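A.B. asks: If you scroll down you'll find the structure; I have some questions about it.
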Amino acid sequence: MVKDPQIGTAYSRSVFYLDGLLCATAFFSFVSVEYPLGGIGNMRLPAEFLLGLSCLLFVFVLWGQRRFKADLGLRRPDGFWPCELRWWIGAYLLWMWIGAFFSAYPMVAFKASVTYAASVLTAFYAVFKIETEMPGGGFGRRAAWAALLGLTIVSLYGIGRYLFGESIPINLIFRIPRPFMADHTHWGAMLGLWLFPCLYFVRYAVRPWQRMAAVGMSLVFVTALWVSHGRAAAACLLVPVGVAAVLYWLRWPRRVRVVSALVVLTLVAAGGLWGVRQGRAQAAGKSENWGRNMLSLVQYRQDVSSMERVNRWKCAARLTADYPLLGCGKDVYSFVYGPYQREEDLTELSTFEGDRGNAHSEYASAFCETGVPGGLLFLCIVVFGFTAGIKAYRAVGRKAGGLSSAGSSDTTANGADTACRQRAWILSLLLGLTAYFVQGLFNNFLCLDSGRFSVFLMLALLQAAYVRGLSVDNESKTIHR
């Protein structure tokens, strides 16, 4: 029982304020600008300030829940392990901190580890707790709306600068989204990540004005993808689009599926032959022609950017071989990879100054900066995050199917409609994360606040959906016993 009513009131208010603060953080994770702090680096304001405030408030909420023994929501269901992401993420953060103390640049690694932990504590643990334990629900969709609004503002800024600003040469196209985004690839990755949740609101938003807003945002995102010249983002979108297409294709009659599969295979073969022919006929370097830029993905030896990525990946492999246990330290790669370059791999973008970029791969970065154990823990986060989402999708699907066959009452119909909406929401999160982690083969943006917050926010929402899905399964098992 609560002994001090004033403290109890403060605790209740802090839970309410944490909801709004996390939505504000989701918005400002995109609409923030870097400010130099002298010799200790840069700070993105107001995003990092809100992250720190959210962390403090979340710690107070945890203390208050323990102090007052508040039982706010769901209990941990059976069968939760190994999809309980909080243990994998916690182990990954712990290993990252241990490696920071043995890094060649301990202050850099320690600062990066603190920032990473603050983002994950806020974006995953706090979001997961609110989404699963607060009455009423709906927080995940509110946070998604906030993030979509912030990304839309940045996208309109980039589109306006591209169309109406000063003429920008194609080799400087990466400057378009600055100062809000690091470069055009960062912009494209965030667009691919949030496009599918935005499309979900186009179909399933409750109010008509929300659907209209979602339609406008979707058009802005598609236009921004074209403006950003993000080859990797556009190409990696084909994977989640293909997954969604297969899911709908499986619902068709068998004959229609066979005919449509033959048509698609014919078109793919024709497109491949056309690409090979075009590639042999023209050099596929940097060009204002969007098609040529896409061709450079497969003809990487004719593209400087692609060749530099290969150089960075080789350096990451050599660093992993030299630091197999703890890695070189979080965000230390850019300071130490220079001597690991070989003369035959150098390009005009190569540097030995430690001031240009990173390993250009989420997976290579995890292995070289946190060692082989850290890289495996990161892979576990990705794999079991998707596993939790797929299991949640199937559990909600079983619930929708059971309600649909139970009868035609208004209550049953409303329950089936809610289950279908939840299933579509889970699918949109899965498709967005699929686009991001496929692109993670070629770029890495978890070193940035906006990338970390968005990715771990979606993982937390999938984890919460998985907990609720297992709760539904456990209830149905209890009923049928």
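The values are calculated or read from the model by the stated rules, or taken from the named source; none is laboratory data. All values reported here derive from a predicted model rather than from experimental measurement. Here Cβ is always computed from backbone atoms with ideal geometry, including for glycine, and neighbour counts include all displayed protein chains. Protein only, heavy atoms only, side chains kept; ligands, DNA and RNA dropped before computing areas. Shrake-Rupley method; radii C 1.70, N 1.55, O 1.52, S 1.80 Å.
A.B. asks: Considering only region 19-42, I want to know if a residue exists there that is open to solvent by 80 Å² or more (accessible area, probe 1.4 Å), within 27 Å of residue 385 (Cα to Cα) and at pLDDT 90 or above.
C.D. replies: no
A.B. asks: Still on this structure, I have one more. Report every pair of residues separated by at least 6 positions or lying on different chains whose Cβ atoms are under 7 Å apart, first residue within region 81-93 and closer than 12 Å to residue 125 by Cβ and among the aliphatic types (A, V, I, L, M), second open to solvent by 20 Å² or more (accessible area, probe 1.4 Å) and at pLDDT 85 or above.
C.D. replies: That search, which allows pairs on different chains as well, returns 85/384; 93/117.
A.B. asks: Would region 443-450 turn up any residue that is surrounded by 24 or more Cβ atoms within 10 Å (Cβ to Cβ), assigned to a helix (DSSP H, G or I) and in contact (Cβ under 8 Å) with a residue 40 or more places away in the chain?
C.D. replies: Within region 443-450, one or more residues are surrounded by 24 or more Cβ atoms within 10 Å (Cβ to Cβ), assigned to a helix (DSSP H, G or I) and in contact (Cβ under 8 Å) with a residue 40 or more places away in the chain.
A.B. asks: So, in region 321-345, of the ones that are open to solvent by less than 70 Å² (accessible area, probe 1.4 Å), closer than 14 Å to residue 310 by Cβ and of a type outside the set (Ser, Thr, Tyr), which residue ends up modelled with the highest pLDDT?
C.D. replies: In this case the residue turns out to be 341.
A.B. asks: Which one is most open to solvent (accessible area, probe 1.4 Å) among residues in region 178-209 that are without any contact (Cβ under 8 Å) to a residue 60 or more places away in the chain and over 27 Å from residue 448 (Cα atoms)?
C.D. replies: 209
A.B. asks: Can I ask one more? Please enumerate the residues belonging to region 92-120 that are open to solvent by 40 Å² or more (accessible area, probe 1.4 Å) and either closer than 17 Å to residue 447 by Cα or in a helix (DSSP H, G or I) (or both).
C.D. replies: 94, 95, 97, 98, 101, 105, 106, 107, 108, 110, 111, 114
A.B. asks: Another one. Among (1) at pLDDT below 90; (2) within 30 Å of residue 43 (Cβ to Cβ), where does residue 98 come up short?
C.D. replies: (1)
A.B. asks: Related question: List the residue pairs whose Cβ atoms are under 7 Å apart, where the first residue sits in region 107-121 and is within 18 Å of residue 90 (Cβ to Cβ), the second is open to solvent by less than 40 Å² (accessible area, probe 1.4 Å) and outside any helix (DSSP H, G or I), and the two are 6 or more positions apart or on different chains.
C.D. replies: 112/330; 113/330; 116/330
Residue-wise test of (1) outside any helix (DSSP H, G or I); (2) on the phi > 0 side of the Ramachandran plot; (3) aliphatic (A, V, I, L, M).
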site	(1), (2), (3)
212	no, no, yes
222	no, no, yes
226	no, no, no
229	yes, yes, no
246	no, no, yes
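A.B. asks: Report whether or not residue 86 is in contact with a Cys (Cβ under 7 Å, 6 or more places away or on another chain), part of a helix (DSSP H, G or I) and surrounded by fewer than 20 Cβ atoms within 10 Å (Cβ to Cβ).
C.D. replies: It is false that residue 86 is in contact with a Cys (Cβ under 7 Å, 6 or more places away or on another chain), part of a helix (DSSP H, G or I) and surrounded by fewer than 20 Cβ atoms within 10 Å (Cβ to Cβ).
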